[in-house]
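Report on one structure; see the data block that follows.
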Amino acid sequence: MAFPVANAGRIVDEKFLINHTSPPFQWEDNVTSVHIDALPSAMSTARLKLVPACEQFTHELREYTVENRAHLQPWEPLRAESFFETESVRRRLSMMAHNNDSGVAVHLLLIAPGTGEMVGDCNFTNIVRGPFQACHLGFSLAKRFEGQGLMREALTSAITYIFDEIRLHRIMANFRPENARGERLLKRLGFEREGLARSYLRINGVWADHVLTSLINQTPER
Ligand SMILES: CC(C)(COP(=O)(O)OP(=O)(O)OC[C@H]1O[C@@H](n2cnc3c(N)ncnc32)[C@H](O)[C@@H]1OP(=O)(O)O)[C@@H](O)C(=O)NCCC(=O)NCCS
C-alpha cells in the first residue's frame, strides 16, 4: 500500500498542514536512479495520523517527553534536565524537520486524530543510499497507549511508505535483549534476527548489548 502524496485522509487540525515552503526535495541516486519527493503532509492509518516532525509540534512533543520520562529512560541515552525544556524540544524538532527535508531521515510523530495528542514517534534515520539503500528504525509509544496495537499499526504503514516511496532496501532495528515488547513488535512486523552486538549503544548510562534485526524490501530490484 502506498501513501497518497499529499493530504492523505481527513485533515483534522491545521497543524497537519505542514508548511513545506522550500521546493520539494529531490534526490537522485546514481545506482537506482530514483527520485524522492518531499514527505506528504500527513499519513493516515485507521486510528492515527503520522505527521512529519516540525516545530509546530513543540507543545505536543514536550508533553509526551515529560509524561513518559520514566517509561522511556531504560531504552534511551541519559537525558540532561534541559532535554525536557521547551527550547530544547523546539530545537530537536527543527533538526528533525531539516533531516526530513534533506532526505537523510524520516521522523514521524504519531498523533491521535480526535485529541491532537502525541502518542508516540517513529524515526527512520541514517538513510544511506548508493549500494546500501538502508536506514535505522527507532520508535516509542506513550505508556498509556501500550497494548492496543497502535505502534504496529503505525509502523505497518510507515514501513510501506519507506519501502515503496523512499525506496529503501533494508530497515535495521536493534533492541536490548530485555526489551520484550520491542522484540515482540519487531517479530510481528517480520524483522529477522541477524546477531547480537556487544556493548553496542550507551543507553541509560551503560554500554548495552543489542539484538540486531532487519527487514528487507521484497519488491524485486529494490
Ligand atoms: C516497544 C513499544 C512501542 C511496544 O508497544 P506495544 O503497544 O506493545 O506495541 P504494539 O503496537 O505492537 O501492540 C501490541 C500489543 O497490543 C495488543 N493489541 C490490542 N489490541 C490490538 C489490536 N487491535 N491490534 C494489534 N494488537 C493489539 C497485542 O495483543 C499486543 O499485546 P502483547 O504484546 O501483550 O501480546 C512500547 O512498549 C514502547 O514504546 N516501549 C518503550 C520504548 C521502546 O522500547 N522503544 C523501542 C526500542 S527498540
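The values are calculated or read from the model by the stated rules, or taken from the named source; none is laboratory data. Values in this document were obtained by computation on a predicted structure and should not be read as measured data. Here the Cβ is made from the backbone with ideal geometry for all residues, glycine too, and neighbour counts use every protein chain on show.
This table checks each residue for (1) outside any strand (DSSP E or B); (2) surrounded by 14 or more Cβ atoms within 10 Å (Cβ to Cβ).
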site: Ser88; (1), (2): yes, yes
site: Leu93; (1), (2): yes, yes
site: Ala97; (1), (2): yes, yes
site: Asp101; (1), (2): yes, yes
site: Ile127; (1), (2): no, yes
site: Phe132; (1), (2): yes, no
site: Phe139; (1), (2): no, yes
site: Leu155; (1), (2): yes, yes
site: Tyr161; (1), (2): yes, yes
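Regarding Leu196, is this residue touching a Pro at 6+ places or on another chain (Cβ under 9 Å), more than 19 Å from Gln73 (Cβ to Cβ) and within 16 Å of the ligand (Cβ to nearest atom)? Full working, then the answer.
On the way: touching a Pro at 6+ places or on another chain (Cβ under 9 Å): yes; more than 19 Å from Gln73 (Cβ to Cβ): yes; within 16 Å of the ligand (Cβ to nearest atom): yes.
Against the criterion (touching a Pro at 6+ places or on another chain (Cβ under 9 Å), more than 19 Å from Gln73 (Cβ to Cβ) and within 16 Å of the ligand (Cβ to nearest atom)), Leu196 qualifies.
Determine which single condition Leu48 fails, assuming it passes every other condition in (1) touching a Lys or Arg at 6+ places or on another chain (Cβ under 6 Å); (2) among the hydrophobic types (A, V, I, L, M, F, W, C); (3) at pLDDT 95 or above.
(1)
Condition first: small (Gly, Ala, Ser) and within 10 Å of the ligand (Cβ to nearest atom). Can you find one or more residues in segment 155-163 that meet it? Outline the logic, then answer.
So in segment 155-163, the residues small (Gly, Ala, Ser) come out as 157-158.
Next cut, within 10 Å of the ligand (Cβ to nearest atom) only: none.
Taking every residue of segment 155-163 in turn, none turns out to be small (Gly, Ala, Ser) and within 10 Å of the ligand (Cβ to nearest atom).
If Arg181 satisfies all but one of (1) assigned to a helix (DSSP H, G or I); (2) in contact (Cβ under 8 Å) with a residue 60 or more places away in the chain, what's the number of the condition it fails?
Every condition holds for Arg181 apart from (2).
Read through the list (1) away from the ligand (no atom under 16 Å from the Cβ); (2) part of a strand (DSSP E or B), then give the number of the only condition that Thr115 fails.
(2)
Where residues in segment 60-94 are under 16 Å from Ser140 (Cα atoms) and polar (S, T, N, Q), which of them is farthest from the ligand (Cβ to nearest atom)?
This residue is Thr65.
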